[in-house]
Amino acid sequence: MINNNFNINDDKKRTETLIETADGSLKTQACLMTLPEISMPTGKKTIKKKELILHDGRSVVSEKVTGGSIEWFPQDKLCDFGTLRKQAYKIMEEKAVSLGGMYLVTLENLQPILTELSRIEVDWEGKVSELEQSFEHLLADYKAANPEIDSLITDYSLPLGEFLSVFKFKLSPPLAIQPLFPEQEEEIAKNAIEALWSEISAEAKRQYNTSFSKGENVS
């Protein structure tokens, strides 16, 4: 039997309470943030079909060439960046409320969010630095492990500078809630509550479906 007392994030519950009790002073108890700007190279490039035909007429066969693209850079060396990006987005999803293109953050949660995002940013920059130092070595090893596409890797790989320029992890400063008209603050609070309950409902549904499929209790 499934327990309907779903384990909903405590930050969401506290945010709901704050918004409901703000009594027209939401702007003194919360702020707005945007998601961090995060980008990373794919290590892939579109390749022309004619480039896959060798001089003797044979076709290039490699697991690194699929769907009209070539993996010119080892994909496992980029996985950590994808993980860090997910961590950053998850922090915002768990501790803030999506409101249009912004996120409403209680002042109680602001510093923990900034601390966690800053930690991830430091990890991100550290890993970018490691890649910069090992870029040429990684490419050489990758070519040696995939001799059938050695020349294609050379042709399609990005120069180091261009490769590094794609990495981005940028945090924008929090913004004060300052409606153009005073009465709009109540509308913002109403929209925030609706968005919050939409998130809670979606999470409860996800937990229910997961537990139901596994035959587990949810608490």
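The values are calculated or read from the model by the stated rules, or taken from the named source; none is laboratory data. Everything quoted here is computed from the prediction, not taken from an experiment. A quick note on method: Cβ atoms are made from the backbone with ideal geometry, for glycine too, and the neighbour counts reach across all protein chains shown.
Collect the residues in segment 74-91 that are out of contact with any helix residue (DSSP H, G or I) (no Cβ under 7 Å at 6 or more places or on another chain) and either among the hydrophobic types (A, V, I, L, M, F, W, C) or without any contact (Cβ under 8 Å) to a residue 12 or more places away in the chain (or both), keeping them in residue-number order.
Result: 76, 78, 79, 83, 86, 90.
Looking only at segment 145-157, count every residue that is of a type in the set (Gly, Ala, Ser) and touching a helix residue (DSSP H, G or I) at 6+ places or on another chain (Cβ under 8 Å) and tell me the total.
Total satisfying the criteria: 1.
Can you tell me which residue is surrounded by the fewest Cβ atoms within 10 Å (Cβ to Cβ) among those in segment 25-48 that are among the polar types (S, T, N, Q) and under 27 Å from the mean Cα position of the chain (by Cα)?
46
Exactly one of (1) surrounded by fewer than 16 Cβ atoms within 10 Å (Cβ to Cβ); (2) within 24 Å of residue 146 (Cβ to Cβ); (3) at pLDDT below 90 is unmet by residue 75. Its number?
It fails just one condition, (3).
Got at least one residue in segment 78-94 being modelled with pLDDT under 95, of a type outside the set (Ser, Thr, Tyr), more than 18 Å from residue 166 (Cβ to Cβ) and in a strand (DSSP E or B)?
No.
For segment 96-193, which strands (runs of 3 or more DSSP E) that fit wholly inside it have 1 or more residues that are within 30 Å of residue 69 (Cβ to Cβ) and either modelled with pLDDT of 90 or more or under 19 Å from the mean Cα position of the chain (by Cα) (or both)?
Passing ranges, in order: 168-170.
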